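The values are calculated or read from the model by the stated rules, or taken from the named source; none is laboratory data. Quantities reported herein were computed from a predicted structural model and do not represent experimental measurements. As a convention, Cβ positions derive from the backbone with ideal geometry for all residues, glycine included, and neighbour counts pool all protein chains shown. In case anyone asks, the SASA skips ligands and DNA or RNA and just uses the protein heavy atoms, side chains included. Shrake-Rupley method; radii C 1.70, N 1.55, O 1.52, S 1.80 Å.
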Amino acid sequence: MPEGEATPAPKGRRRPDREESPEESGVWYPRWFWPSFASPGIVWLLVLFVLPFYVILAIAFGTVDLFRNPLPVWQPWWWTKSYLLDVLTKIFGAQAFLRPTYYRTLVYVIIASAICLLIGYAVAYYVARHAGKRKTLILILLISPFWISYLMRMLAWVNLLESDGYVNRTLQFLHLIPANHPIAWLEGKPVTVILGLVYGYIPYMILPLYGFLDRIQSSLLEAGRDLGASPASTFWRVTLPLSKPAIYAGLVIVSLPMFGDYYTNNLLSGSPKTTMIGNLIDDSVGSYGQGPQGAVLVIILMILLLVPMLYYMRSTLRAQELK
Amino acid sequence: MWQRHPREGSKDLREGLERRLGRPLSRREFLRASAGAAVAMPTMSAILAACGKNPRAQTTPGFQVATPDHPVKLPLVGQPIADGLQPESGATLQIYNWDQYLWKHVVQEFCDQYKCDFKITTFNNMEEAVTKMQTGELKLDVFFPTYDVLGKLVDGKFLQPLNHSYIPNLEANAWDMFKNPFYDQGWQYSVPYTVYTTGIAYRRDYIHDDQIFGADNPRAMLWDPQYSGKVGVYDSYRDTIGFALQKEGINDVNTEKSADIDKAKAALLELISAVNVRVEINGAYAKLPKGEYVLHESWSGDIVAGWGYVPKYVEADYEALGYWFPDDRIGPADNDLIAVPSNAEHPVLAHLFLNFMLDFKNAMDNFSWVGYQPPQKQADVNALTTTEGLYSKISNWAAPAMYVPPWMPAAVVRESDLTTTGLRVHELSPAGDTLWQNAWQEFKAGA
């Protein structure tokens with residue numbers, strides 16, 4: 001384009017009833033134009049969330065067929081609440097034998113998320129602030145676990161944690177444990193399941209934290225130092241408060257899938273002592289006549305997960321309002 | 001009888017639309033409205049019809065539960081294929097089976113003989129298998145069901161009746177009991193594949209044979225805290241609750257008495273606190289040979305096949321595997337089946353495959369790999385512990401492996417196990433099944 005020539009206005013219908021002002025682009029689009037950009041997202045939400053959720057409802061309040069497989073009932077006026085009441089009795093009733101599984105899952109997820117945050121924050125901080133030229137390399141190394149499926153990574157841990165696996169051999173080589181008494185990591189230990197969860201989900205914590213910490217302007221940190229704050233004080237009073245949204249986001253991203261996780265316990269433990277909510281759902285789905293109960297368990301889990309999700313959304317909105 | 005002419009309704013429709021619009025309709029407007037109604041009316045009527053039916057009322061079973069005391073002659077659904085047909089040429093035989101439950105070497109021999117290809121699709125459990133079959137998306141020629149779902153599969157028209165003229169090996173080679181099994185009188189839909197018992201697999205380097213065979217209640221050894229962390233049971237509610245029932249001295253493995261189930265449940269919960277039991281499906285054949293377990297509830301075929309999973313194949317590791325089943329042979333004994341789905345695209349080839357798998361040599365070759373014994377008349381059950389199988393011969397193992405290890409005679413299944421002494425696990429009533437499922441869920445939840 002020749003120098004000095006005005007940029008042509010984008011094509012569109014000119015607004016007939018108003019004069020152009022310098023602040024306005026001068027182009028008028030139909031009212032549906034900009035909202036229509038959300039249509040792919042809305043379609044995605046309808047097809048991949050609303051519709052499947054309705055299927056879950058139709059199964060939870062439905063019945064079973066001849067083979068005792070779940071038979072969804074699409075018409076709400078034929079729905080039954082018998083499966084819902086059955087599950088609620090098992091959680092809140094006199095025997096309430098499912099309740100310990102909910103407590104156990106909550107404890108595992110809180111501990112695993114906390115460890116993810118501690119390790120993930122340190123790693124993300126190092127990469128964002130101190131990695132220098134190696135930043136790209138470290139980022140690639142951090143993302144590389146995503147290339148391998150979660151299942152394969154857990155199976156790898158099974159080999160590493162076996163009685164004669166590399167973990168025990170290393171501990172024995174360092175004389176941290178006796179030579180003839182390897183740690184029985186895979187014999188139904190809660191610590192193995194928690195560490196498995198940490199390993200499986202920690203990349204999801206590091207990446208949002210890194211993305212946020214990398215964007216914190218160094219001028220803010222320099223201002224803190226100029227005002228006499230020590231490095232530690234600058235971290236506590238500037239970096240950490242600024243990274244709160246990323247911490248919330250990371251916690252939500254790692255804890256939500258952890259609540260529904262069942263592979264980690266299946267592969268690294270197998271003991272009823274470490275059963276999680278995801279295992280209850282998995283077992284119900286794979287058992288004759290238990291499909292509707294599995295769907296009810298899914299709905300209950302979704303309702304429980306709404307609590308941290310809503311808290312996250314509230315804190316995010318408040319942070320935006322303060323800006 | 002007087003009938004309304006199909007076009008008669010158009011006049012009413014036009015008048016109705018004109019009334020609503022308050023003006024006459026053009027021809028184009030009327031045609032558009034008629035076309036819309038033509039599409040909408042059947043759709044709406046179908047929806048209204050569907051809405052009018054309660055799906056819960058459509059699930060009444062039309063089959064009887066088969067038990068040894070109440071044998072069932074299944075209804076004839078469809079017709080068997082005609083006699084004397086040639087096998088389909090250039091076909092790919094679609095086999096639907098459990099994982100690791102059929103030696104490809106044997107299937108390849110079948111395909112070499114009948115000039116076909118094969119494809120094996122696997123499932124993890126019968127629930128999954130039946131669910132996928134129900135979708136109708138799978139085009140299968142051969143299916144390996146368990147007998148507890150046979151009646152439902154026939155009722156749901158998922159299996160086709162067999163033409164016996166293609167399968168002479170059943171009469172000639174299979175144990176006599178399979179000419180008239182209780183679950184399929186007259187073997188109209190199924191032929192037997194393997195037989196097995198459910199006992200205990202153990203590590204002989206930890207537990208001597210005399211110790212377990214001489215114990216008052218060998219099943220109670222799984223509850224012994226000295227084996228804490230090294231005990232496993234199957235992730236199968238019928239097998240494991242049945243195991244706990246027998247440990248408690250209850251031999252009715254199909255009981256629907258809540259007092260019995262409560263006893264079994266209490267025993268299983270005690271198993272968690274006593275030894276932190278692990279619940280897996282591959283513990284016996286894949287993990288006990290590696291030393292991850294000392295004791296595991298086990299199907300006989302799993303531990304017989306376990307030698308293939310010993311990490312360093314040397315004589316000592318092979319001999320470390322043991323199997324216990326009671327000397328009086330009172331314990332769970334069952335069999336698995338092969339059948340032909342109703343939508344098989346190569347039914348003749350499928351029939352010939354069933355016959356092929358009932359051939360003595362083919363059945364025994366397959367046994368040498370899968371570890372599950374075929375019910376073959378010609379097989380001298382007393383010689384199974386001294387005869388080397390084909391898989392061992394063509395593999396480079398350090399020592400020859402017999403069909404059944406010589407120190408594991410308890411793993412050999414006899415016809416009398418299934419007809420006389422053995423306990424057959426059959427289907428429960430829905431109420432009874434719920435009782436079992438709830439007990440199992442409480443155990444699995446680790447309450």
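Only one of the listed residues (A:212, A:259) is under 26 Å from the mean Cα position of the chain (by Cα) and open to solvent by 40 Å² or more (accessible area, probe 1.4 Å). That residue is A:212.
Here is a yes/no grid of residues against (1) under 22 Å from residue B:323 (Cα atoms); (2) at the interface with chain A (Cβ under 10 Å from one of its Cβ atoms); (3) not polar (S, T, N, Q):
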site: B:395; (1), (2), (3): no, no, no
site: B:409; (1), (2), (3): yes, no, yes
site: B:413; (1), (2), (3): yes, no, yes
site: B:420; (1), (2), (3): yes, no, no
site: B:433; (1), (2), (3): no, yes, yes
site: B:445; (1), (2), (3): no, yes, yes
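Per the listing B:119, B:139, the residue uniquely under 29 Å from residue B:155 (Cβ atoms), open to solvent by 70 Å² or more (accessible area, probe 1.4 Å) and either within 14 Å of chain A (Cβ to nearest Cβ) or in a loop (DSSP other than H, G, I, E, B) (or both) is B:139.
For the stretch A:236-248, a residue qualifies if it is touching a Gly at 6+ places or on another chain (Cβ under 9 Å) and open to solvent by 10 Å² or more (accessible area, probe 1.4 Å), and the qualifying residues are A:237, A:238. You will find that of A:66, A:48, the residue that is modelled with pLDDT under 80 and either in a helix (DSSP H, G or I) or of a type in the set (A, V, I, L, M, F, W, C) (or both) is A:66 and no other.
Yes or no: the stretch A:264-272 includes at least one residue that is closer than 30 Å to residue A:305 by Cβ and within 16 Å of the chain's Cα centre (by Cα).
yes
Take residue A:106 and decide whether it is assigned to a helix (DSSP H, G or I), touching a Phe, Trp or Tyr at 6+ places or on another chain (Cβ under 7 Å) and open to solvent by 60 Å² or more (accessible area, probe 1.4 Å). No; evaluated as a whole, the condition is false for this residue. Scan A:283, A:226, A:261 and give me the residue that is without any contact (Cβ under 8 Å) to a residue 12 or more places away in the chain and within 30 Å of residue A:163 (Cα to Cα). Of A:283, A:226, A:261, the one residue that is without any contact (Cβ under 8 Å) to a residue 12 or more places away in the chain and within 30 Å of residue A:163 (Cα to Cα) is A:283.
Report yes if residue A:272 is surrounded by fewer than 20 Cβ atoms within 10 Å (Cβ to Cβ) and either modelled with pLDDT under 95 or of a type outside the set (Val, Ile, Thr) (or both), otherwise no. Answer is no for this residue. Set side by side, the residues A:250, A:289, A:294 differ, and just one is within 8 Å of chain B (Cβ to nearest Cβ) and touching a helix residue (DSSP H, G or I) at 6+ places or on another chain (Cβ under 8 Å), which is A:289. Of B:420, B:387, all but one fail to be under 30 Å from residue B:180 (Cβ atoms) and either more than 27 Å from the chain's Cα centre (by Cα) or of a type in the set (Gly, Ala, Ser) (or both); the exception is B:387. Go through the residues of the stretch B:359-378 one by one and say whether even a single one is among the aliphatic types (A, V, I, L, M), in contact with a helix residue (DSSP H, G or I) (Cβ under 9 Å, 6 or more places away or on another chain), in the same structural domain as residue B:106 (by TED's automatic domain parsing) and not in a helix (DSSP H, G or I). Scanning the stretch B:359-378 turns up no residue that is among the aliphatic types (A, V, I, L, M), in contact with a helix residue (DSSP H, G or I) (Cβ under 9 Å, 6 or more places away or on another chain), in the same structural domain as residue B:106 (by TED's automatic domain parsing) and not in a helix (DSSP H, G or I). In the stretch A:166-184, is there at least one residue being within 14 Å of chain B (Cβ to nearest Cβ) and in a helix (DSSP H, G or I)? Yes, the stretch A:166-184 contains a residue that is within 14 Å of chain B (Cβ to nearest Cβ) and in a helix (DSSP H, G or I). Only a single criterion out of (1) closer than 15 Å to residue A:294 by Cβ; (2) at pLDDT 95 or above is not satisfied by residue A:54, namely (1). Each residue in the stretch A:56-84 was checked for being in contact with a Pro (Cβ under 6 Å, 6 or more places away or on another chain) and more than 8 Å from chain B (Cβ to nearest Cβ), and 5 pass. Residues in the stretch B:167-206 that are within 30 Å of residue B:247 (Cα to Cα) and charged (D, E, K, R) were compared, and the one that is surrounded by the fewest Cβ atoms within 10 Å (Cβ to Cβ) is B:205.
Only helices (runs of 4 or more DSSP H) whose full extent lies in the stretch A:248-323 are considered here, and the ones with at least 3 residues that are among the hydroxyl-bearing types (Ser, Thr, Tyr) are A:291-322.
Between a residue in the stretch B:260-287 that is modelled with pLDDT under 95 and any residue that is open to solvent by 10 Å² or more (accessible area, probe 1.4 Å) and among the aliphatic types (A, V, I, L, M), which pairs come within a Cβ distance under 6 Å, given they are 6 or more apart or on different chains? Sorted first by the residue in the stretch B:260-287, then by its partner, the pairs are B:285/B:305.
Regarding the stretch B:214-222, can at least one residue be identified that is within 21 Å of the chain's Cα centre (by Cα) and part of a helix (DSSP H, G or I)? No, the stretch B:214-222 has no match at all. Can you tell me which residue within the stretch B:247-300, out of those that are among the hydrophobic types (A, V, I, L, M, F, W, C) and open to solvent by 20 Å² or more (accessible area, probe 1.4 Å), is farthest from the other protein chains (Cβ to nearest Cβ)? Applying the filter and picking the extreme gives B:250.
The residue list B:327, B:302 contains one member that is outside any helix (DSSP H, G or I) and either in the same structural domain as residue B:125 (by TED's automatic domain parsing) or closer than 18 Å to residue B:219 by Cα (or both), which is B:327. Scan the stretch B:314-329 and give yes if some residue there is more than 15 Å from residue B:404 (Cα to Cα), in contact with a helix residue (DSSP H, G or I) (Cβ under 6 Å, 6 or more places away or on another chain) and either small (Gly, Ala, Ser) or at pLDDT 95 or above (or both), otherwise no. Yes, the conditions are met somewhere in the stretch B:314-329. Looking at the structure I just gave you, is residue A:87 of a type in the set (A, V, I, L, M), within 11 Å of chain B (Cβ to nearest Cβ), assigned to a helix (DSSP H, G or I) and surrounded by 15 or more Cβ atoms within 10 Å (Cβ to Cβ)? For residue A:87, the condition - of a type in the set (A, V, I, L, M), within 11 Å of chain B (Cβ to nearest Cβ), assigned to a helix (DSSP H, G or I) and surrounded by 15 or more Cβ atoms within 10 Å (Cβ to Cβ) - is met.
Residue check: residue B:252 meets all listed conditions (1) in contact with a strand residue (DSSP E or B) (Cβ under 9 Å, 6 or more places away or on another chain); (2) outside the structural domain of residue B:295 (by TED's automatic domain parsing) but one, namely (2). Annotation note: of A:315, A:269, the sole residue that is touching a strand residue (DSSP E or B) at 6+ places or on another chain (Cβ under 8 Å) and not aromatic (Phe, Trp, Tyr) is A:269.
Could you list all residues from the stretch A:275-286 that are over 24 Å from residue A:184 (Cβ atoms), within 7 Å of chain B (Cβ to nearest Cβ) and open to solvent by less than 10 Å² (accessible area, probe 1.4 Å)? Answer for the stretch A:275-286, where residues must be over 24 Å from residue A:184 (Cβ atoms), within 7 Å of chain B (Cβ to nearest Cβ) and open to solvent by less than 10 Å² (accessible area, probe 1.4 Å): just A:280.
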